[in-house]
Amino acid sequence: MFGGLFFALSATLLSQPYVEKLERIEVSAVSFLRPVDWVMPEAREGAARFDTPEGDAYIDIKIVELDPFESPHTCLAAMIQAVTSIDVKGWQSITIHKYPAARYVETKPGDTTSIPSAEEAERLAKGQTVDMRVTEINIMGCNGARKWFLVMSAKTRDASKYGPIFRRVMESFQYHVQAKSGAKPRAK
């Protein structure tokens, strides 16, 4: 009886996806959840980047304060016009924290000159192919007081690992009234 219960419990626990611990962080006048264990190699006023310890995924955000205030829709339309003029088409309209935003997902060839992971090196040694493609989720938005551009990138084959994290980051995005410099965890 206990063997069957142990098997059922272990099967349930093993089938659950790994959930990365997240914390709220503020960058300029926006905040969002970010993975606690990811390193922040750089933080500048109005910008921050977070990388996995392995270096196989990252989140990068840039925020620009607007002066004077602009209509959120006009601001976003100008942002989309700027990127579509350089031949990036296919932005989808979305809403982030009650304001207009746009999302563009792109899969492109990965860097074949980078040092492969141990798993990739083993597959290459056996003559097997390795999926080196990278998927980038680009999101931009504007609330009239500030505009921002967010890039979340990971190897395409790791979508099941990083997809839920990227979704939580996007869903947790919030605007704040006052801009604060730098990137720092919110006071608890």
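Structure above, values below:
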quantity: Pair list, Cβ < 7 Å and 6+ apart or interchain, from segment 60-73 residues that are open to solvent by less than 90 Å² (accessible area, probe 1.4 Å) to residues that are assigned to a helix (DSSP H, G or I); calculated: LEU66/CYS75
quantity: Pick from segment 130-145, criterion out of contact with any Pro (no Cβ under 7 Å at 6 or more places or on another chain), farther than 18 Å from ASP56 by Cβ and open to solvent by 10 Å² or more (accessible area, probe 1.4 Å), ranking: modelled with the lowest pLDDT; calculated: ALA145
quantity: Residue match in segment 105-125 (condition: modelled with pLDDT of 90 or more and touching a Pro at 6+ places or on another chain (Cβ under 6 Å)); calculated: no
quantity: Members of segment 160-188 that are at pLDDT below 90, open to solvent by less than 60 Å² (accessible area, probe 1.4 Å) and among the hydrophobic types (A, V, I, L, M, F, W, C); calculated: ALA179, ALA183
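The values are calculated or read from the model by the stated rules, or taken from the named source; none is laboratory data. Please read all numbers here as calculations on a predicted model, not as lab measurements. Note: ideal-geometry Cβ built from the backbone for every residue, glycine included; neighbour counts use all protein chains shown. Just so you know, the surface numbers come from the protein's heavy atoms only, side chains and all, with ligands and any DNA or RNA stripped out. Shrake-Rupley method; radii C 1.70, N 1.55, O 1.52, S 1.80 Å.
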